[in-house]
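The values are calculated or read from the model by the stated rules, or taken from the named source; none is laboratory data. For clarity, every value in this text was computed on a predicted model and none was experimentally measured. Cβ coordinates were reconstructed from backbone atoms using ideal geometry, including for glycine residues, and neighbour counts include every protein chain displayed. Accessible surface is based on the protein model in full, side chains and every heavy atom, while ligands, DNA and RNA are left aside. Shrake-Rupley method; radii C 1.70, N 1.55, O 1.52, S 1.80 Å.
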Amino acid sequence: MANIKIAYIGGGSSRAAGTMASLIEQGDNFDGSEVVLIDLDEDRLSVVKTIADKMARAKGIDLKVTTTLNRKEGLTDCDAILSSFRPGEFEARHLDESIPLKHGVIGQETQGPGGFFMALRSIHILADIVKEIEQVCPKAWIFNYTNPVNIVAQAVATQTNVPIVSLCEGPIIFPHWFCYSLDLDADKIKANMIGLNHGCWSTSQSYDGGDPFPIFVEAYEQRIKELGDDHRGLKMVRLAIEMRSLPADYFYYYYFRDHAFQTCRQKKTTRSQDIMAALPGYWAHYREQATMDVPVLDPERSRGGIHELELAIDAMDAMFNDRNEVLPCNVLNRGALPDFEDDVVVEVPCRIERTGINPLPQEHLPRTVVGLVKVLAEYQVLTANAAWSGDRKDAIRALASNPLVVDFDKAEAIYNEMAVAHKRYLPERLW
């Protein structure tokens with residue numbers, strides 16, 4: 001089994017306890033390994049370490065857990081970097097979600113202007129992390145969950161030689177959400193979803209081994225009578241039926257833009273404010289469990305649930321234990337998706353083994369949906385380039401290309417306000 005050193009950037013976050021639970025659940029695959037928790041909050045690092053130590057001991061897993069506030073020190077000689085941090089924390093996300101609404105655009109963590117500024121902040125920090133990786137662990141892989149994962153991977157993969165894979169459970173869980181909305185058995189649906197992160201569609205799909213769409217239509221007609229046509233989940237079901245392809249949930253913001261905007265504007269709090277209100281309760285639960293001999297995380301009192309970033313743990317296991325396993329990943333296309341250039345980071349099934357991560361060849365996306373995904377891909381590239389080495393003008397051009405903006409005056413006005421709000425998290429060239 002793999003005996004490796006993992007540096008976890010964001011190891012003091014509200015998701016970190018659940019992430020360590022995921023790792024320890026697969027602890028036999030990493031017996032003898034070390035995890036270095038890296039963050040800016042010493043107290044929270046201590047809580048996560050205590051929980052992880054006790055969980056590992058209870059399962060009889062040989063796992064060394066250490067903590068540090070010194071990122072470069074924590075990265076030294078590591079084999080894998082798990083990146084899951086939030087620059088500006090939830091206060092910055094609140095700005096991402098609230099400021100665009102004043103300009104008639106939805107506010108969201110990974111989409112539109114909110115996702116754009118999250119990308120600028122994340123990549124600004126990743127650029128420094130990459131320099132440290134090149135100095136102290138040049139052979140390490142980045143397993144990235146820092147949002148927006150596609151734009152982060154685009155920047156690092158095209159601007160550096162540091163190997164990176166971005167991960168997201170979306171292609172696995174999105175098909176299930178249609179079943180939840182229709183009160184169908186989610187275990188019976190299967191789909192191959194490809195495209196971009198938070199921007200993928202299915203190229204094949206089945207329910208109980210057959211065509212899902214007649215079943216969807218019948219269930220939809222019944223559920224629409226019960227729930228009405230204002231239900232977000234049913235709107236996405238209708239989109240799937242009309243396009244004969246299952247969309248990522250985030251296409252709600254594009255195909256039902258007016259409904260999404262009005263829903264965001266009418267809500268009294270942003271999603272980030274809701275999370276900030278819940279954070280004290282999460283940490284109270286973690287501190288409580290840290291005092292127990294055998295910590296047990298309550299999914300109702302834990303941020304994100306009791307097992308977090310599982311796909312990253314699966315990917316590390318597949319690589320360092322040479323599993324030759326296929327998992328959905330965000331990597332450079334390299335010819336896998338015929339609709340996109342080779343140097344665009346795409347989300348596709350990939351074969352993971354000790355030698356690396358290789359995207360598997362795919363068919364074309366349905367013609368009815370591929371156009372918007374191509375636009376989002378060009379926006380992704382422009383944003384990654386602007387965040388990595390561009391200036392303010394490059395950034396405004398990139399934002400103007402986003403399908404939720406597509407208005408230069410509006411893009412400039414949004415950029416001006418948000419750049420001031422996020423000034424302390426951005427390089428001077430982007431002010």
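One table, with the values for the structure above:
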quantity: Subset of the range 65-89 that is open to solvent by 40 Å² or more (accessible area, probe 1.4 Å) and in a loop (DSSP other than H, G, I, E, B) - its residue that is nearest to Ile396 (Cα to Cα); calculated: Arg86
quantity: Complete set of residues in the range 10-35 that are surrounded by 24 or more Cβ atoms within 10 Å (Cβ to Cβ) and either assigned to a strand (DSSP E or B) or of a type in the set (Lys, Arg) (or both); calculated: Val35
quantity: Number of positions in the range 374-410 that are free of Cβ contacts under 8 Å to residues at least 60 places away in the same chain and in a helix (DSSP H, G or I); calculated: 13
quantity: Pair list, Cβ under 7 Å, 6 or more apart: the range 271-286 residue farther than 21 Å from Ala21 by Cα and hydroxyl-bearing (Ser, Thr, Tyr), other residue open to solvent by less than 30 Å² (accessible area, probe 1.4 Å) and modelled with pLDDT of 95 or more; calculated: Ser272/Phe90; Ser272/Arg93; Ser272/Glu97
quantity: Any hit, the range 157-176, residues being open to solvent by less than 10 Å² (accessible area, probe 1.4 Å) and of a type in the set (S, T, N, Q); calculated: yes
quantity: Residue under evaluation Phe408, criteria (1) open to solvent by 40 Å² or more (accessible area, probe 1.4 Å); (2) within 17 Å of Leu430 (Cβ to Cβ), criterion not met; calculated: (2)
quantity: Residue tally, condition in a helix (DSSP H, G or I) and open to solvent by less than 50 Å² (accessible area, probe 1.4 Å), over the range 185-205; calculated: 1
quantity: The one condition in (1) under 30 Å from Ala400 (Cα atoms); (2) not β-branched (Val, Ile, Thr); (3) not in a helix (DSSP H, G or I) that Phe116 fails to fulfil; calculated: (3)
quantity: Test: residue in the range 380-394 that is open to solvent by 70 Å² or more (accessible area, probe 1.4 Å) and of a type outside the set (Lys, Arg); calculated: yes
quantity: Members of the range 55-64 found to be in contact (Cβ under 8 Å) with a residue 24 or more places away in the chain and surrounded by fewer than 19 Cβ atoms within 10 Å (Cβ to Cβ), listed by number; calculated: Ala58, Lys59, Asp62, Lys64
quantity: Evaluation of Leu360 against (1) in contact (Cβ under 8 Å) with a residue 60 or more places away in the chain; (2) among the hydrophobic types (A, V, I, L, M, F, W, C); (3) open to solvent by 20 Å² or more (accessible area, probe 1.4 Å) (one fails), failing number; calculated: (1)
quantity: Of all residues in the range 217-243 being loosely packed, with under 15 Cβ neighbours inside 10 Å and more than 21 Å from Gln262 (Cα to Cα), the one that is nearest to the chain's Cα centre (by Cα); calculated: Glu242
quantity: When residues of the range 135-144 are limited to those that are open to solvent by 30 Å² or more (accessible area, probe 1.4 Å) and within 24 Å of Thr19 (Cα to Cα), the one modelled with the lowest pLDDT; calculated: Lys139
quantity: Complete set of residues in the range 320-348 that are in a strand (DSSP E or B), open to solvent by 30 Å² or more (accessible area, probe 1.4 Å) and among the hydrophobic types (A, V, I, L, M, F, W, C); calculated: Val326, Leu332
quantity: Residue check, Pro366 in contact with a Cys (Cβ under 6 Å, 6 or more places away or on another chain) and either within 17 Å of Ile123 (Cα to Cα) or open to solvent by 10 Å² or more (accessible area, probe 1.4 Å) (or both); calculated: no
quantity: Condition met for Ile352 (within 29 Å of Met193 (Cα to Cα), of a type in the set (A, V, I, L, M) and surrounded by fewer than 19 Cβ atoms within 10 Å (Cβ to Cβ)); calculated: no
quantity: Filter result for the condition that a residue is under 21 Å from the mean Cα position of the chain (by Cα) and of a type in the set (Ser, Thr, Tyr), over Thr67, Thr19, Thr76, Thr50; calculated: Thr19
quantity: Residue, surrounded by the fewest Cβ atoms within 10 Å (Cβ to Cβ), within the range 90-134, restricted to residues that are under 23 Å from Asn385 (Cα atoms) and of a type in the set (S, T, N, Q); calculated: Thr110
quantity: Residues being within 20 Å of Pro247 (Cβ to Cβ) and either touching a Lys or Arg at 6+ places or on another chain (Cβ under 9 Å) or free of Cβ contacts under 8 Å to residues at least 60 places away in the same chain (or both) - total across the range 122-179; calculated: 6
quantity: Top-ranked residue of the range 36-45 - restricted to ones that are within 17 Å of Glu73 (Cβ to Cβ) and assigned to a helix (DSSP H, G or I), ranked as most open to solvent (accessible area, probe 1.4 Å); calculated: Glu42
